[in-house]
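The values are calculated or read from the model by the stated rules, or taken from the named source; none is laboratory data. Because the structure is predicted, anything quoted here is derived from the model rather than measured. With ideal geometry, Cβ positions are generated from the backbone for all residues, glycine too; neighbour counts draw on all protein chains shown.
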Amino acid sequence: MRTIFVINPVAGNGNSMKKWQKFKETIHFPYELAVSRYSGHATELVRELHNSPDPVLVVGFGGDGTLREVIDGAAGAPQLIVGSIAAGSGNDFGRGFHSFADAGEIATFLANPESTRKDLGEFVDDKTHHFVSSSGIGFDAEISVMVNRSRIKRWLNRIGMGKLVYFLYVVITLLRFRLFCLTVELEGETVHYDKVWFATVNNQPYFGGGMKISPHSVADDGILELTVVNRLSRLKLLLVFGTVFSGKHLRFKEVHQLQGKKFSLAADRAVYRHVDGDSAGRTPGNRSIPYYVSKNEWYSVNK
Ligand SMILES: Nc1ncnc2c1ncn2[C@@H]1O[C@H](COP(=O)(O)OP(=O)(O)OP(=O)(O)O)[C@@H](O)[C@H]1O
């Protein structure tokens, strides 16, 4: 079986290349290397493998964005089996799917390769977007956009205080976020929510670097879960965030969860959106966007 490592050199705030330099010394099997040169490049690199007659183990070496791109490229090709080495910042992928601990574990897998079919989330506006773990609109997406745009991020990273920038933007966004109204259509029923902080669609339980926002999500059941949080004071929102790591937030009456094969979401204004924690523009105001499981499935290393 061929093995290809797809490396994102900017993952983990630029530390993934350093991690790779150490990691490669521990590999004792033949492998190929592909380095992502720009956003979206990993998808293109992996798509080129669709013609491969032989099975290929494609190991994404990066964070959640890298794995989304790799899986986007691999989806629809059963001979491409995706594995990962966590080298990002949040690494929610490794919480919901299997992530190899070291090169030795990859060698063990190669001796007896088995794969499992997994769902890929999809929605369409002006183009088709995919998500592996989650995609959401509102408060959390606005924080990721602000953090990624932030000029002080690079400076804080340099002095080893990169996490501080998230805390800073949680506070700033908390103070200035404009709540929105959301209309959800699910299997012929329409539900309206007002004063919404955020809505997130999950394929696996985790988002935001270890928060168990959607405890009932299973990544191979053909079903997605929608979580909507509304009508909370700023103070209570912080309290609810504190309980998400344990999955206890579902006890709050302001946290709503729905399950289905397809949701359509319409916000009453343009709201920031993320896919797997990466900025994905804004959802258009007053237009219904359907979220569903793609017909193109992907194959994960079986563990
Ligand atoms: N050479 C490149 N230059 C700039 N951006 C790139 C390059 N290659 C990939 N990217 C982009 O980098 C983004 C961030 O990567 P990734 O999400 O893997 O790292 P991270 O943000 O550190 O980790 P996590 O999402 O787990 O917190 C990806 O969405 C991808 O589109």
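Quick notes on this one:
- Which numbered condition GLU48 fails, given (1) surrounded by fewer than 21 Cβ atoms within 10 Å (Cβ to Cβ); (2) within 29 Å of LEU156 (Cα to Cα); (3) among the charged types (D, E, K, R): (2)
- Taken together, GLY104, GLY76, GLY14 contain a single residue that is at pLDDT 95 or above and on the phi > 0 side of the Ramachandran plot, which is GLY76.
- Looking only at region 118-127, and only at residues there that are outside any loop (DSSP other than H, G, I, E, B) and more than 16 Å from the ligand (Cβ to nearest atom), the one that is nearest to the chain's Cα centre (by Cα): GLU122
- Helices (runs of 4 or more DSSP H) lying entirely in region 32-112 (those with 1 or more residues that are closer than 14 Å to LYS303 by Cβ): 93-96, 103-111
- Only one of the listed residues (LYS248, LYS212) is surrounded by fewer than 15 Cβ atoms within 10 Å (Cβ to Cβ) and among the basic types (Lys, Arg). That residue is LYS248.
- Taken over region 1-31, the criterion of being part of a strand (DSSP E or B) and within 15 Å of the ligand (Cβ to nearest atom) is satisfied by PHE5, VAL6, ILE7.
- Filtering VAL240, VAL196, VAL191 for residues that are crowded, with 21+ Cβ neighbours inside 10 Å and farther than 30 Å from SER39 by Cα leaves a single hit, VAL196.
- Checking ASN302, ASN286 one by one, the residue that is surrounded by fewer than 18 Cβ atoms within 10 Å (Cβ to Cβ), in contact with a strand residue (DSSP E or B) (Cβ under 8 Å, 6 or more places away or on another chain) and closer than 28 Å to SER99 by Cα is ASN302 and no other.
- Scope region 249-303; condition basic (Lys, Arg) and either within 21 Å of the chain's Cα centre (by Cα) or over 15 Å from VAL229 (Cα atoms) (or both); matching residues: LYS261, LYS262, ARG269, ARG273, ARG282, ARG287, LYS295, LYS303
- Among residues of region 145-169 being closer than 19 Å to ALA280 by Cα, out of contact with any Lys or Arg (no Cβ under 8 Å at 6 or more places or on another chain) and crowded, with 17+ Cβ neighbours inside 10 Å, the one that is modelled with the lowest pLDDT is TYR166.
- Under the condition of being more than 15 Å from the ligand (Cβ to nearest atom) and either farther than 18 Å from TRP20 by Cα or not assigned by TED's automatic domain parsing to the domain that holds GLU25 (or both), the residues counted in region 79-117 number 14.
- GLY94 being crowded, with 24+ Cβ neighbours inside 10 Å, under 18 Å from the mean Cα position of the chain (by Cα) and small (Gly, Ala, Ser): no
- Out of ARG37, ARG47, sole residue that is within 16 Å of the ligand (Cβ to nearest atom) and under 20 Å from GLN79 (Cα atoms): ARG47
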